[in-house]
Amino acid sequence: MSSVSVSVMRLRFRWRDTVLNGKLFSFPSHFHTFFVPAGGSFYKDMFNNYLSGTIPDIMGSFGELQILHLKKNRFTGTLPAFLGQLVNIAWLDLSSNRFEGTVPESFAYLRSLKDLRLGSNKLFDPIPQALCSQIRVNSGPAKAYGCDAILCPLGTYSDSGYATDEDGCTPCPPGETTLYLGSPSCIEFTVEDLISMFYEVMKGSDDDSPFDYDSESRRDAESSACVWEGITCDDEGHILSISFPTFDKQ
């Protein structure tokens, strides 16, 4: 059920399951006034919307913020290092978005952090060792599981995306693996999956892509890589060469 609520006494801002659809803070300029601290609990809940784009820099200025819940949106870009400035944050949930890259070193210095949810994104190693040793995070499994308590490694999975006290990360079945850290499930890894990763790295932005990355054949999971641009195969469907055009960055 959709809900929007602001509590003056506890400064609770809740805007979840509302299908906001757009970029965070593409709201009127006075939107910031909802977050002026005045004591008590202070959290922002925008779970399960269609918020897109990157997290704005202004978020790093909310020093009194205790809970930030942005799960199940469409945020992109890297995990912002400025979130490490949220000295009072206790619960940070950025899971189930489209973040890429690595976990910022600054996350290791969030001394109030107790719950960190980063799974179901496109994240890869390394995870800051200083963060992996924080036994207070995620109810303390770091003592037993190390970095797995932050994000399950490649080739393993868990529903939460990280190892818990009850269960570690589960190895994928034979013939399956994961593409990113913190995966909730495993997949059969095909040649097409591998080449897709190269396409993702090489394509650049949508405006400067020199090849038809978003063609119908590229999006069709059932199509052979042999029909993709830049791929040359023999008559039996074996890949002979892969060619990626260069980018003009001038």
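A few points about this structure:
- Between T102 and R74, the contour length at 0.36 nm per residue exceeds the alpha carbon distance by 8.3 nm.
- Annotation for segment 94-126 versus segment 151-193: alpha-carbon center distance of 16 Å.
- Here the extension length gained between T54 and V87 equals 9.8 nm, from 0.36 nm per residue of separation less the Cα-Cα distance.
- With θ taken as phi - 60° and the Karplus curve 6.51 cos²θ - 1.76 cosθ + 1.60 applied, the whole-hertz 3J(HN,Hα) list for segment 58-64 is 4, 4, x, 8, 8, x, 8 Hz, x standing for glycine and proline.
- Taking 0.36 nm per residue of separation and subtracting the Cα-Cα distance, full extension of the segment from I242 to D193 would add 16.2 nm.
- In Hz, Karplus ³J(HN,Hα) per residue of segment 112-124 (6.51, -1.76, 1.60; θ = phi - 60°; x = Gly, Pro): 9, 5, 10, 10, 10, 10, 10, x, 6, 10, 10, 9, 9
- With all protein chains modelled, accessible area of S243 [1.4 Å, Å²]: 70 Å²
- Cross-link pairs exceeding 21 Å in C-alpha to C-alpha distance, out of K122/K143; K71/K143; K44/K114; K44/K122, comprise K122/K143; K71/K143; K44/K122.
The values are calculated or read from the model by the stated rules, or taken from the named source; none is laboratory data. On a predicted model such as this, the values are computed, not experimentally measured, just so you know. These area figures cover heavy atoms from the full protein model, side chains too; ligands, DNA and RNA do not enter into them. Shrake-Rupley method; radii C 1.70, N 1.55, O 1.52, S 1.80 Å.
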